[in-house]
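Peer 1: What follows is a structure written as structure tokens; I'll ask about it next.
The values are calculated or read from the model by the stated rules, or taken from the named source; none is laboratory data. Everything quoted here is computed from the prediction, not taken from an experiment. Here the Cβ positions follow ideal geometry from the backbone for every residue, glycine too, while neighbour counts run over all protein chains shown. Ligands, DNA and RNA are excluded from the accessible area calculation, which covers all protein heavy atoms including side chains. Shrake-Rupley method; radii C 1.70, N 1.55, O 1.52, S 1.80 Å.
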Amino acid sequence: MSDDLHALQRRLAEFAAARDWQQYHTPKNLAAALSVEAAELVEIFQWLTPEESSTVMSDPEAAGRVEDEVADVLAYLLQFCEALGIDALTALAAKIERNEARFPPARRARPDRPRGSEGRGGGE
């Protein structure tokens, strides 16, 4: 894992230890807290149009809320990974590799054929 992420995990662990919160940082509790924080991030965007959601960071108040929720999600994810011994960057790299194999790039449609007809018995 990168030194920066590892340092953040150490800071989070020290923060929890100084407050005697480690007893509550079980995988179950951390997964639940992560879900709640992700929902709070979704709540910011819930009733925005796609266009409004694309420009949310131009409003300083909304941008601050988004950044706070992103930080909360990341904090709980890092603590969850720490509790289970997961290297988040290694897990992500492995998942990307699996997805690249599972979902290869789509072939481009030929201009003389409708989109989506590739590979459907077209004699290619």
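Peer 1: If DNA, RNA and ligands are ignored and the probe is 1.4 Å, what is the ranking of HIS6, HIS25 by accessible area, most exposed first?
Peer 2: So, going from the largest accessible area down, we get HIS6, HIS25.
Peer 1: Just want to confirm a number: the relative contact order over the chain, from Cα pairs under 8 angstrom separated by 6+ residues, in percent.
Peer 2: 32
Peer 1: Arrange the residues SER2, SER54 by how much accessible surface each exposes, largest first, with a 1.4 angstrom probe.
Peer 2: If we order SER2, SER54 from most to least accessible, we get SER54, SER2.
Peer 1: Please arrange ILE44, ILE96 by accessible surface area, largest first, computed with a 1.4 Å probe and ligands excluded.
Peer 2: The ordering from most to least exposed comes out as ILE96, ILE44.
Peer 1: Could you work out how far helix 3-18 tilts from the main Cα principal axis of the chain, as a 0 to 90 degree angle to the nearest 10?
Peer 2: Relative to the chain, helix 3-18 is tipped by roughly 40 degrees.
Peer 1: Report the accessible area of GLU43, computed with a 1.4 Å probe over the heavy atoms of all protein chains in place, in Å² rounded to the nearest 10.
Peer 2: Accessible area of GLU43: about 110 Å².
Peer 1: Right, here's the next one. Evaluate Rg over Rh across the chain, taking Cα atoms for both radii and Kirkwood's formula for Rh.
Peer 2: Here Rg/Rh amounts to 1.15.
Peer 1: Turning to a different aspect of this structure: Please calculate the 1.4 Å probe accessible area of PHE103, with all protein chains present, and give it to the nearest 10 Å².
Peer 2: 120
Peer 1: Then there's this: With every protein chain in place, what's the accessible area of TYR76 (1.4 Å probe, Å², nearest 10)?
Peer 2: 70
Peer 1: Measure nothing but the geometry: give the 0 to 90° angle between the long axis through the Cα atoms of 88-102 and the longest principal axis through the Cα atoms of the chain, rounded to 10°.
Peer 2: 10
Peer 1: Can you find, among PRO105, SER58, SER2, the residue farthest towards the positive end of the dipole of the chain? Put +1 on the C-beta of Lys and Arg, -1 on that of Asp and Glu.
Peer 2: Result: PRO105, furthest along the dipole toward the positive end.
Peer 1: Can you tell me the 0 to 90 degree angle between the C-alpha axis of helix 60-84 and the longest principal axis of the chain, rounded to 10?
Peer 2: 80
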